[in-house]
1. For the stretch 8-15, check the following and say yes or no: at least one residue is under 9 Å from the mean Cα position of the chain (by Cα) and surrounded by fewer than 17 Cβ atoms within 10 Å (Cβ to Cβ).
2. Going through the stretch 1-14 one residue at a time, which ones are in a helix (DSSP H, G or I) and under 16 Å from residue 69 (Cβ atoms)?
3. Can residue 4 be described as among the polar types (S, T, N, Q) and either in contact with a Gly (Cβ under 9 Å, 6 or more places away or on another chain) or surrounded by fewer than 19 Cβ atoms within 10 Å (Cβ to Cβ) (or both)?
4. Among the residues of the stretch 15-43, how many are modelled with pLDDT of 95 or more and either among the aliphatic types (A, V, I, L, M) or under 15 Å from residue 69 (Cβ atoms) (or both)?
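The values are calculated or read from the model by the stated rules, or taken from the named source; none is laboratory data. Every value quoted in this text rests on a predicted model; they were computed, and no experiment measured them. FYI the Cβ positions are ideal-geometry reconstructions off the backbone, even for glycines, and counts take in every protein chain you see.
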Amino acid sequence: MQKTIIALSSITYAIKAKNLLNSYGFNCEIVRTPKNLGSGCGYSIRTTNDPNDILAYLKSSGIKWKDYVTI
């Protein structure tokens with residue numbers, strides 16, 4: 001099962017993203033951002049859902065993200 005890690009611009013956005021996505025039924029959690037995934041606040045969300053769906057929800061809700069990687 002693939003996992004996607006999405007780096008966010010602040011811990012506040014990480015919390016908002018987690019709460020938003022969980023409310024839509026997506027499974028995600030807050031994790032420390034891996035060193036190879038950009039810079040910023042150091043927090044990301046990790047999910048097993050389709051990254052295109054996740055990024056679309058974040059964009060439509062005004063939650064800024066920096067980068068993402070699927071592992």
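1. The answer is no; no qualifying residue exists.
2. Answer for the stretch 1-14, where residues must be in a helix (DSSP H, G or I) and under 16 Å from residue 69 (Cβ atoms): just 14.
3. no
4. 7
The rows are residues; the columns are (1) part of a loop (DSSP other than H, G, I, E, B); (2) free of Cβ contacts under 8 Å to residues at least 40 places away in the same chain.
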{"site": "17", "(1), (2)": "no, no"}
{"site": "21", "(1), (2)": "no, yes"}
{"site": "25", "(1), (2)": "yes, yes"}
{"site": "49", "(1), (2)": "yes, no"}
{"site": "62", "(1), (2)": "yes, yes"}
{"site": "69", "(1), (2)": "no, no"}
